[in-house]
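Asker: Below is one structure. I have some questions about it.
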Amino acid sequence: MLTEDQDDILDFLARPETHGLRPGDEVRRIDTHISAVFVAGDDVYKLKRAVRYSYLDFSTAERRRAACEAEVRLNRRTARPLYHGVVPLVRTVRGDLALAGPEAGGDGEPVDWLVHMHRFDDDTLFDRLAADGRLNDALVRRLADTVAGFHESAEERRDHGGAAGLRWVIENNAECLGDAPAGLFLAETVAAVNYRSREALERVGAALDRRREEGLVRRCHGDLHLRNICLWEGQPTLFDCIEFSESIACIDVLYDLAFLLMDLEHRDLRRFANLVMNRYLLRRRDLDGLVALPLFMATRAAIKAHVTASAAETAGPAQQEKLHEEGRRYLDLAAAILEPQPARLVAVGGLSGSGKSTLALALAPLLGGAPGALVARSDELRKGIMGVGPETRLGPEGYRPEVGERVYEALGRSAFAGLRAGRCVVADAVFARPDERIAIESAAREAGATFTGIWLDAPETALVERVEGRTGDVSDADAGVVRRQLGYETGRIDWHRIDAGAGPERVLEAVRTLLG
């Protein structure tokens, strides 16, 4: 609800001379329901609209000032170079509006407040990168690392979140979906999303409360989709976090991540969604939260469904129908994510250079519900056990027999945790010893999941050529390692044997046929 007329301020900010530009220079204006953004040269000014809704109150200048200060403070956690500060908008003694400060020339009584940002190229927004096909594996991994690092340092908030926090969101979704224009959403889809969301919450509520007590509810971003991420000086940079609601922003870290995963899924980029999930979990080892991930993602999709429908109410006829269709797609996605999927474990074994990791990464997005299977990779687990980053090369100390035993124990635990959470799992390791293969099969059996073992065979020349051609890979294997492995006593291998010499595409095709 609008509480104050700001038309004179909006007109003032739209003028080129306000920003020291020449008459006729462009000042680009971007409107949302809670703010108006003005892009002028290298500067960006955001005005909070004088509005009051159930979830925010910008009804007075003082409230808007507090919101501006909170926006700058909170976003400087992840995007300090982009947020210059808060600028007063003043009324001079002549009665004119002016930006405060000696450079802007304004001196008078503040009448409103602006967030002052540094402009960045819109082409660096991640939604643009996605739409233009400019995302790649390396960039997506860096994005996952950025989010994981932010969550690691974010303030713990045990006064929010848990089952009660998510129940509030689910019930609000049900109310908003029910208020949508008649016929916009299929009644049976709305009913299915509401019922399955509540059912899932009953199932995972205790886990959510436990995660809150363990400090995994934190002061997060709260609105972590691709359009709120840009490349700044080559690094993924999170900006425009939620500043106006502690209830929306103080959430489980995986619920924060779920918005990003859902956005990628909605854009038919499941491979990248799967890569983000697995890289994030590698960095944070937060496997206990996997049980709630479908509910988290579906809740995010349901929110987007009714928010998109609301945006259509003020759009023109052509844009309105586009937004309605978009809203229906979001709701269909929510229903699909909540559809139960059987858990299964696919173990991929073979000597170094046989293409295990290539197959595992290609297979994972194809297994189970969104965003695909958990990948448990021995090379990555080894680095974690040794306390180094995934791409850090290890010396001989990282490959002692006792370290190897710990790696395979961790592999089994990770696979079991993923299966018990209802996810499909791809376990990627050499699995040269019979007891290693027996142990991973046992993990599936104990979790009540289907097991498929795959062994990749390739000639020595192909193995050596592949490991020697790697760059920036997690694996430390070289030609010497391959030649030592060729002398292993593997015993009888009962897994499905696939000729890996034919290339990764044909191997994936063969495995997909095998798995049905």
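The values are calculated or read from the model by the stated rules, or taken from the named source; none is laboratory data. These numbers were taken from a predicted model, which means no experiment stands behind them. In this analysis, Cβ positions are derived from the backbone assuming ideal geometry, glycine residues included, and neighbour counts consider all displayed protein chains. What goes into the accessible areas is simple: the full protein's heavy atoms, side chains included, and nothing from ligands, DNA or RNA. Shrake-Rupley method; radii C 1.70, N 1.55, O 1.52, S 1.80 Å.
Asker: By how many nm would the segment from Arg285 to Thr60 lengthen if fully extended, with 0.36 nm per residue of separation less the alpha-carbon distance?
Answerer: Full extension of this stretch gives 76.6 nm more.
Asker: To the nearest 20 Debye, how big is the dipole of the stretch 347-480 about its Cα centre, given +1 on the beta carbon of each Lys and Arg and -1 on that of each Asp and Glu?
Answerer: Dipole size: approximately 480 debye.
Asker: Kindly express, to the nearest 10 degrees and within the range 0 to 90, the angle between helix 401-420's C-alpha long axis and the longest C-alpha principal axis of the chain.
Answerer: Helix 401-420 and the main axis of the chain meet at about 60 degrees.
Asker: Nearest 500 deg cm²/dmol is fine: what mean residue ellipticity at 222 nm does the chain get from its DSSP H runs of n ≥ 4 alone, each adding -39,500 (n - 2.57), divided by its residue count?
Answerer: Per the formula, -15500 deg cm²/dmol.
Asker: So what does Trp455 come to for accessible area, using a 1.4 Å probe and Å² rounded to 10?
Answerer: Trp455 has an accessible surface of roughly 10 Å² with all protein chains in place.
Asker: Between Glu505 and Ala479, how many nm apart are label points set 7 Å from Cα along the C-beta direction?
Answerer: 2.9
Asker: Count the DSSP beta bridges whose two residues both fall in the chain, then state the antiparallel fraction as a percent rounded to the nearest 5.
Answerer: Just about 65 percent of them are antiparallel.
Asker: Of the listed peptides 330-338, 508-516, what is their order by residue-averaged count of other C-beta atoms within 10 Å, with the highest listed first?
Answerer: Result, highest mean Cβ count within 10 Å first: 330-338, 508-516.
Asker: Could you please state, rounded to a whole Å, how far the C-alpha centre of the stretch 203-243 is from the C-alpha centre of the stretch 437-463?
Answerer: Answer, in whole Å: 35.
Asker: At what distance in angstrom do the alpha carbon centres of the stretch 385-433 and the stretch 490-504 lie from each other?
Answerer: Taking the Cα centre of each part, the stretch 385-433 and the stretch 490-504 sit 21 Å apart.
Asker: Below 14 angstrom from the Cβ of Val72, what's the summed charge of the other residues (Lys, Arg +1; Asp, Glu -1)?
Answerer: Surrounding charge for Val72 is +4.
Asker: Right, here's the next one. I'd like the FRET efficiency for Glu409 and Asp127, computed as 1/(1 + (r/R0)^6) with the beta carbon distance as r and R0 of 41 Å, rounded to 0.05.
Answerer: The computed FRET efficiency comes out at 0.50.
Asker: Under a Cβ-Cβ cut-off of 13 Å, what is the net charge of the residues other than Gly480 that fall near it, where Lys and Arg count +1 and Asp and Glu count -1?
Answerer: Taking every other residue near Gly480 into account, the sum is -2.
Asker: Between the stretch 257-308 and the stretch 21-94, what's the alpha-carbon centroid distance in Å?
Answerer: One Cα centre to the other: 30 Å.
Asker: Counting only other residues whose beta carbon sits under 12 Å from that of Tyr330, what net charge do I get with K and R as +1, D and E as -1?
Answerer: Charge balance in the 12 Å sphere: 0.
Asker: Can I ask one more? Among the lysines, select those whose C-alpha is under 29 Å from the C-alpha of Lys383, and discard any that sit fewer than 8 residues away in the same chain.
Answerer: Within reach: Lys356.
Asker: Continuing with this model, one more query. For a protection proxy built on the mean count of beta-carbon atoms within 10 angstrom, sort 476-482, 14-20 highest first, please.
Answerer: By packing density, highest mean first, the sequence is 476-482, 14-20.
Asker: Follow-up. Please give the per residue accessible area of the stretch 1-74, computed with a probe of 1.4 Å over protein heavy atoms only, in Å².
Answerer: Per-residue value: 52 Å².
Asker: As I understand it, the value is the acute angle between the Cα axis of helix 253-266 and the longest principal axis of the Cα atoms of the chain; what does it come to in degrees, rounded to 10?
Answerer: Helix 253-266 and the main axis of the chain meet at about 90 degrees.
Asker: On C-alpha positions alone, give me the angle between the axis of helix 270-284 and the longest principal axis of the chain, in degrees, nearest 10.
Answerer: Approximately 80 degrees, to the nearest ten.
Asker: While we're here: Cross-link candidates for Lys322: which lysines have Cα within less than 19 Å, leaving aside residues fewer than 8 places away along the same chain?
Answerer: Reachable lysines: Lys304.
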